[in-house]
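Everything on this sheet refers to the single structure shown next.
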Amino acid sequence: HFVRYSDGDRYGRLKLRSLFDYAQDAAGKHAELLGVGFEELRQRNQVWVLSRIGLKMQRYPEICEPFALTTYPMGFERFFARREFRFVDGNGKPLGQASSYWLLLELDSMRILDPHKELTDKMPDNSDMSLAFESLGKIRPETPELHLCQIIQEAQIDMNGHLNNAEYAALIHNFLGAGKYPSYLQINYQNGVPVNSQVELSGTITADNFSIQGETDKKIAFQAEGKLLSEA
């Protein structure tokens, strides 16, 4: 990949939303190769839903800079299917890494299925590979000091009819403001957000840390926490 001009922020660094875009695109393509992609699961009345993701970044690449992305499944944990991501620059030096938890749902009822029982024969054994995070737990948001409201537009909606996973990263970017880049970020997705919803964002930002919660219709849509790069 090369960082496109449209993927860069005002300082020429890769936007958080675009980073998530590249990651979910790679995950989707790899899932297709394994026979557990979007179309294959639709035929089985099933769908993947991202539940949690943890990200560690050493540096965000700049506009026109080459970088590479690797992804691989990492087995199962309770009702979660785990997937890893690794980002390196054009010289092979690490940029960052991520761990993610995915839920397998029955499409018409949204009932949680056991991915180990449903898909274990399609998943490779990567137990010798590394984890960015040993586990991704619950997030306990701090008492909010800042507030922001955003209306979800049609262009932000994905094929499941809800706010796209990467758009949550854009909400976090907007809440943090210009020139603030997470060195660590965890997002826990709680409830789907349909078009025209008003998302109420609240949270705290210090020189080093942040905590954010998004609500819509008095339901928690997502929770996030993280640390900021000191060089940013």
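A short reminder: the numbers here are calculations on the coordinates, not readings from a lab. In this text, all values refer to a predicted model and were calculated from it rather than measured experimentally. Cβ: placed from backbone, ideal geometry, glycine included. Neighbour counts: every protein chain shown.
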GluC sites (Glu not before Pro) within the stretch 119-163: which are DSSP loop residues with at most 10 other Cβ atoms inside 10 Å?
GLU134
Just to check I understand the Karplus step: with θ = phi - 60° and J = 6.51 cos²θ - 1.76 cosθ + 1.60, what whole-Hz values come out for the stretch 53-58, glycine and proline as x?
8, x, 10, 10, 10, 8
What ³J(HN,Hα) values, in whole Hz, does the Karplus curve 6.51 cos²θ - 1.76 cosθ + 1.60 give for the stretch 3-11 when θ = phi - 60°, with x put for Gly and Pro?
5, 6, 4, 5, 8, x, 8, 5, 9
DSSP loop (so not H, G, I, E, B), at most 14 other Cβ within 10 Å: list which GluC sites (Glu not before Pro) in the stretch 194-232 pass both filters.
GLU231
Which cross-chain or sequence-distant (5 or more) residues have an amide H under 5 Å from the amide H of GLN190, H modelled 1.01 Å from N in plane?
PHE222, GLN223
What are the residues whose amide H is under 5 Å from the amide H of LEU113, where those residues sit 5 or more places off or on another chain and H is modelled from the backbone?
LEU104, LEU105, GLU106
Could you state, as a whole-number percent, how many of the C-alpha pairs of the stretch 148-232 are farther apart than 21 Å?
26 percent
Where only C-alpha atoms are counted, convex hull volume of the stretch 1-60 per residue in Å³
112 Å³
Filtering chymotrypsin sites (Phe, Trp or Tyr not before Pro) in the stretch 7-76 by DSSP loop and by at most 14 other Cβ atoms within 10 Å leaves TYR11
Return an integer: the convex hull volume of the alpha-carbon atoms of the chain, in Å³ per residue.
129 Å³
Value of D in µm² per second that Stokes-Einstein yields for the stretch 5-122, Kirkwood Rh from Cα pairs, at 10 °C (1.306 mPa s)
103 µm²/s
Span from the the stretch 182-232 Cα centroid across to the the stretch 131-168 one, whole angstrom
6 Å
Considering lysine pairs in the chain that are 8 or more places apart or on different chains, how many have Cα atoms under 26 Å apart?
23
